[in-house]
Amino acid sequence: MPDTDLARRNALPDALRVLLQDYPRDIWESHRNFDGLTRFWLDRHLMFRRALKDWQTDTRSFLDKGRDPRAHGQMTAQIGGFLINQLHGHHQIEDAHYFPVLSGAEPRLSHGFDLLDADHHRLDSELASLTDAANTHLRALQDRSADARAGAGAMLERLEGFEGFLNRHLVDEEELVVPVILHHALRF
(Lines give C-alpha, C1' and ligand atoms only; values in the text may rest on other atoms or scores of the structure.)
Protein backbone atom coordinates (compact mmCIF):
# COMPACT_ATOMS: atom_id res chain seq x y z
CA MET A 1 0.00 0.00 0.00
CA PRO A 2 1.60 3.31 -1.05
CA ASP A 3 2.06 6.00 1.56
CA THR A 4 -0.51 8.72 0.98
CA ASP A 5 0.59 11.11 3.73
CA LEU A 6 1.46 14.46 2.22
CA ALA A 7 4.74 14.61 4.16
CA ARG A 8 5.95 11.28 2.79
CA ARG A 9 4.47 10.65 -0.62
CA ASN A 10 6.41 11.23 -3.81
CA ALA A 11 3.43 11.14 -6.16
CA LEU A 12 -0.16 10.07 -6.33
CA PRO A 13 -0.65 6.32 -5.92
CA ASP A 14 -0.84 4.54 -9.29
CA ALA A 15 -4.53 3.73 -8.73
CA LEU A 16 -5.25 7.47 -8.80
CA ARG A 17 -3.19 8.11 -11.93
CA VAL A 18 -5.36 6.09 -14.32
CA LEU A 19 -6.70 9.10 -16.21
CA LEU A 20 -3.33 10.83 -16.16
CA GLN A 21 -2.03 8.03 -18.37
CA ASP A 22 -4.62 8.97 -21.00
CA TYR A 23 -4.33 12.73 -20.39
CA PRO A 24 -0.67 13.52 -19.67
CA ARG A 25 0.28 17.05 -18.67
CA ASP A 26 1.87 17.89 -22.03
CA ILE A 27 -1.50 17.65 -23.88
CA TRP A 28 -3.69 19.50 -21.40
CA GLU A 29 -3.70 22.94 -22.97
CA SER A 30 -4.24 21.64 -26.49
CA HIS A 31 -7.11 19.36 -25.49
CA ARG A 32 -10.56 20.42 -26.75
CA ASN A 33 -12.00 20.24 -23.22
CA PHE A 34 -9.38 22.52 -21.69
CA ASP A 35 -11.20 25.77 -20.94
CA GLY A 36 -10.63 29.16 -19.38
CA LEU A 37 -11.63 28.09 -15.90
CA THR A 38 -9.11 25.25 -15.95
CA ARG A 39 -6.46 27.71 -17.13
CA PHE A 40 -7.46 30.13 -14.34
CA TRP A 41 -7.26 27.35 -11.75
CA LEU A 42 -3.77 26.29 -12.93
CA ASP A 43 -2.71 29.95 -12.95
CA ARG A 44 -3.80 30.23 -9.30
CA HIS A 45 -1.50 27.33 -8.49
CA LEU A 46 1.35 29.06 -10.32
CA MET A 47 0.57 32.26 -8.41
CA PHE A 48 0.86 30.39 -5.08
CA ARG A 49 4.23 28.97 -6.09
CA ARG A 50 5.51 32.39 -7.18
CA ALA A 51 4.28 34.16 -4.05
CA LEU A 52 6.01 31.59 -1.87
CA LYS A 53 9.24 31.98 -3.87
CA ASP A 54 9.04 35.77 -3.61
CA TRP A 55 8.57 35.54 0.16
CA GLN A 56 11.54 33.20 0.45
CA THR A 57 13.70 35.43 -1.76
CA ASP A 58 12.84 38.54 0.25
CA THR A 59 13.60 36.76 3.52
CA ARG A 60 16.94 35.50 2.21
CA SER A 61 17.74 39.02 1.07
CA PHE A 62 17.05 40.29 4.57
CA LEU A 63 19.30 37.59 6.04
CA ASP A 64 22.10 37.66 3.46
CA LYS A 65 22.22 41.16 2.05
CA GLY A 66 20.85 43.29 4.82
CA ARG A 67 17.55 44.19 3.17
CA ASP A 68 15.96 47.13 4.93
CA PRO A 69 14.03 45.73 7.91
CA ARG A 70 11.03 48.02 7.38
CA ALA A 71 10.69 47.09 3.69
CA HIS A 72 11.19 43.43 4.52
CA GLY A 73 8.53 43.62 7.25
CA GLN A 74 6.08 45.23 4.85
CA MET A 75 6.80 42.58 2.24
CA THR A 76 6.42 39.79 4.78
CA ALA A 77 3.08 41.12 5.99
CA GLN A 78 1.81 41.77 2.48
CA ILE A 79 2.89 38.62 0.67
CA GLY A 80 2.47 36.38 3.71
CA GLY A 81 -1.05 37.56 4.37
CA PHE A 82 -1.92 37.32 0.70
CA LEU A 83 -0.56 33.79 0.27
CA ILE A 84 -2.07 32.39 3.45
CA ASN A 85 -5.49 33.95 2.90
CA GLN A 86 -5.63 33.01 -0.76
CA LEU A 87 -4.67 29.40 -0.04
CA HIS A 88 -7.35 29.10 2.63
CA GLY A 89 -10.01 30.48 0.28
CA HIS A 90 -8.84 28.35 -2.63
CA HIS A 91 -9.00 25.17 -0.58
CA GLN A 92 -12.45 26.00 0.79
CA ILE A 93 -13.83 26.42 -2.73
CA GLU A 94 -12.25 23.17 -3.88
CA ASP A 95 -13.52 21.19 -0.89
CA ALA A 96 -17.04 22.61 -0.98
CA HIS A 97 -17.67 22.88 -4.73
CA TYR A 98 -15.14 21.37 -7.12
CA PHE A 99 -14.16 18.13 -5.40
CA PRO A 100 -17.75 16.89 -4.92
CA VAL A 101 -18.50 17.48 -8.63
CA LEU A 102 -15.26 15.85 -9.74
CA SER A 103 -15.72 12.90 -7.41
CA GLY A 104 -19.29 12.42 -8.65
CA ALA A 105 -18.12 12.48 -12.27
CA GLU A 106 -15.37 9.92 -11.62
CA PRO A 107 -16.35 7.77 -8.60
CA ARG A 108 -13.42 5.39 -9.02
CA LEU A 109 -11.16 8.32 -8.08
CA SER A 110 -13.22 9.53 -5.11
CA HIS A 111 -10.47 8.31 -2.77
CA GLY A 112 -8.17 10.78 -4.52
CA PHE A 113 -10.43 13.69 -3.70
CA ASP A 114 -10.58 12.50 -0.10
CA LEU A 115 -6.78 12.47 -0.16
CA LEU A 116 -6.68 16.05 -1.45
CA ASP A 117 -9.16 17.11 1.21
CA ALA A 118 -6.90 15.52 3.85
CA ASP A 119 -3.99 17.44 2.30
CA HIS A 120 -5.93 20.66 2.82
CA HIS A 121 -6.29 19.91 6.52
CA ARG A 122 -2.58 19.17 6.75
CA LEU A 123 -1.79 22.36 4.85
CA ASP A 124 -4.05 24.33 7.22
CA SER A 125 -1.89 23.15 10.09
CA GLU A 126 1.26 24.10 8.21
CA LEU A 127 -0.22 27.50 7.35
CA ALA A 128 -0.99 28.10 11.04
CA SER A 129 2.64 27.33 11.94
CA LEU A 130 3.85 29.57 9.14
CA THR A 131 1.55 32.36 10.33
CA ASP A 132 2.94 32.02 13.85
CA ALA A 133 6.52 32.16 12.55
CA ALA A 134 5.76 35.23 10.42
CA ASN A 135 4.00 37.02 13.27
CA THR A 136 6.87 36.24 15.65
CA HIS A 137 9.32 37.63 13.10
CA LEU A 138 7.22 40.75 12.48
CA ARG A 139 7.08 41.42 16.23
CA ALA A 140 10.86 40.99 16.43
CA LEU A 141 11.29 43.55 13.66
CA GLN A 142 9.36 46.03 15.81
CA ASP A 143 11.30 45.28 19.01
CA ARG A 144 14.84 46.71 18.93
CA SER A 145 15.92 44.31 21.67
CA ALA A 146 14.74 41.22 19.74
CA ASP A 147 16.84 39.19 17.33
CA ALA A 148 15.05 39.82 14.05
CA ARG A 149 17.60 37.74 12.13
CA ALA A 150 16.77 34.70 14.27
CA GLY A 151 13.08 35.30 13.61
CA ALA A 152 13.74 35.57 9.89
CA GLY A 153 15.76 32.37 9.97
CA ALA A 154 12.99 30.50 11.77
CA MET A 155 10.41 31.86 9.33
CA LEU A 156 12.56 30.90 6.34
CA GLU A 157 12.90 27.39 7.71
CA ARG A 158 9.08 27.16 7.91
CA LEU A 159 8.77 28.56 4.38
CA GLU A 160 11.19 26.01 3.00
CA GLY A 161 9.41 23.15 4.74
CA PHE A 162 6.05 24.42 3.56
CA GLU A 163 7.30 24.62 -0.02
CA GLY A 164 7.68 20.85 -0.20
CA PHE A 165 4.19 20.26 1.19
CA LEU A 166 2.59 22.83 -1.07
CA ASN A 167 4.31 21.71 -4.25
CA ARG A 168 3.58 18.02 -3.65
CA HIS A 169 -0.08 18.85 -3.05
CA LEU A 170 -0.42 21.16 -6.06
CA VAL A 171 1.20 18.70 -8.47
CA ASP A 172 -0.93 15.82 -7.20
CA GLU A 173 -4.08 17.93 -7.30
CA GLU A 174 -3.37 19.02 -10.87
CA GLU A 175 -2.65 15.46 -11.97
CA LEU A 176 -5.93 14.23 -10.52
CA VAL A 177 -8.26 17.14 -11.33
CA VAL A 178 -7.28 18.15 -14.87
CA PRO A 179 -7.57 14.66 -16.40
CA VAL A 180 -11.05 14.28 -14.86
CA ILE A 181 -12.10 17.64 -16.32
CA LEU A 182 -10.72 16.74 -19.74
CA HIS A 183 -12.18 13.22 -19.74
CA HIS A 184 -15.69 14.31 -18.74
CA ALA A 185 -15.71 17.74 -20.45
CA LEU A 186 -16.76 19.29 -17.15
CA ARG A 187 -17.75 22.94 -16.98
CA PHE A 188 -18.03 24.72 -13.65
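The values are calculated or read from the model by the stated rules, or taken from the named source; none is laboratory data. Keep in mind that this is a model prediction, so the values were computed, not measured. Here the Cβ is made from the backbone with ideal geometry for all residues, glycine too, and neighbour counts use every protein chain on show.
Things to note:
- Sole residue being of a type in the set (Ser, Thr, Tyr) and either farther than 23 Å from Thr131 by Cβ or surrounded by fewer than 19 Cβ atoms within 10 Å (Cβ to Cβ) (or both), chosen from Thr59, Thr76, Thr38: Thr38
- Criterion violated by Leu182 - all others in (1) modelled with pLDDT of 95 or more; (2) closer than 18 Å to Asp95 by Cβ; (3) of a type outside the set (Phe, Trp, Tyr) satisfied: (2)
- Condition check for Arg9: assigned to a loop (DSSP other than H, G, I, E, B) and of a type in the set (D, E, K, R): yes
- Criterion applied to Ala51, Ala7, Ala15, Ala11 was being crowded, with 17+ Cβ neighbours inside 10 Å and small (Gly, Ala, Ser), and the one residue passing it is Ala51.
- Taken over the stretch 16-40, the criterion of being closer than 21 Å to Pro107 by Cβ and either in contact with a strand residue (DSSP E or B) (Cβ under 9 Å, 6 or more places away or on another chain) or free of Cβ contacts under 8 Å to residues at least 12 places away in the same chain (or both) is satisfied by Gln21 alone.
- With respect to the stated conditions, Leu186 fails to be part of a helix (DSSP H, G or I), at negative phi and in contact (Cβ under 8 Å) with a residue 40 or more places away in the chain.
- Residues located in the stretch 101-131, provided they are surrounded by 14 or more Cβ atoms within 10 Å (Cβ to Cβ) and without any contact (Cβ under 8 Å) to a residue 12 or more places away in the chain: Ser103, Ser110
- Meets criteria (free of Cβ contacts under 8 Å to residues at least 24 places away in the same chain, assigned to a loop (DSSP other than H, G, I, E, B), aliphatic (A, V, I, L, M) and surrounded by fewer than 19 Cβ atoms within 10 Å (Cβ to Cβ)) for Ala150: no
- Within the stretch 156-175, residues that are under 19 Å from Phe113 (Cβ atoms) have Cβ atoms under 9 Å from residues that are outside any helix (DSSP H, G or I) and among the small types (Gly, Ala, Ser) in these pairs: Phe165/Ala7; Arg168/Ala7; Arg168/Ala11; Val171/Ala11; Asp172/Ala11; Glu175/Ala11, counting only partners at least 6 apart in sequence or on another chain.
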